[in-house]
């Protein structure tokens, strides 16, 4: 006895004919007849009276029908639960990333998350530090990878990773061949600072204040894009800052030095607007990326 046989029997009883049952189940009259006959052979009882105008259940058929309807209802409830579960799990997340986050985590990292969570669909935006938070608050993103400090009054924050920040000079710079860098070396240097929408700009400024240096900055004409700022540093023979994932790349025309005192760090957290409900998909992403470096 199979579930399909019972369902065909129920449909035949409810419709009153094999032909109508076949149309409702998208099969053939012969398939319905074969299924009912198989049940009758297995139970050793005639379940339907067949006439030229249709079929009606026998007394034994009515008893089997009553139990088959219970099974049919249970089957419908199970399938309904599966549909509800599928609808609940299928989710699209709009994720904002501050500049540099995609470079640090790598596209492959997000691909691995997708592979582990095929029901969660991700779309991305790559924005400046200020813009990614602003758009998250406006609803353009469900959550964002934001550079610290993040306003805890506006966001629920989950720390993700922290990168050490290094000082870099380029070929032709007076410090390029030095074995190390000192504060006195830096006092005579010019600097390229991050763009106005990057929080590293304030980080850099506070560091100068702490170590007692009044820096001379190169005018970058408001440019914020990292590679363009690097080109400024190269052409102007200026010192630039870079997070570890970039500083660790071996390039013959670049020398990398740790800050001579008071280390710098670039800290990134997952930020969810406080008025936003954390969905199962968001929870999965937070669980996957929060504390990534720990």
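The values are calculated or read from the model by the stated rules, or taken from the named source; none is laboratory data. All values reported here derive from a predicted model rather than from experimental measurement. When we count neighbours, we look across all protein chains shown, and the Cβ atoms used for this are built from the backbone with ideal geometry, even at glycine.
Observations on the structure shown:
- Being assigned by TED's automatic domain parsing to the domain that holds residue 122 and in contact with a strand residue (DSSP E or B) (Cβ under 9 Å, 6 or more places away or on another chain) is a property that does not hold for residue 261.
- Yes/no for residue 146 being surrounded by 17 or more Cβ atoms within 10 Å (Cβ to Cβ), closer than 23 Å to residue 245 by Cα and either free of Cβ contacts under 8 Å to residues at least 24 places away in the same chain or touching a strand residue (DSSP E or B) at 6+ places or on another chain (Cβ under 8 Å) (or both): yes
- Test: residue 255 is in contact with a strand residue (DSSP E or B) (Cβ under 8 Å, 6 or more places away or on another chain), within 19 Å of residue 146 (Cβ to Cβ), modelled with pLDDT of 90 or more and assigned by TED's automatic domain parsing to the domain that holds residue 223: no
- Matching residues, region 226-251, being part of a loop (DSSP other than H, G, I, E, B) and either in contact with a strand residue (DSSP E or B) (Cβ under 7 Å, 6 or more places away or on another chain) or in contact (Cβ under 8 Å) with a residue 40 or more places away in the chain (or both): 237, 238
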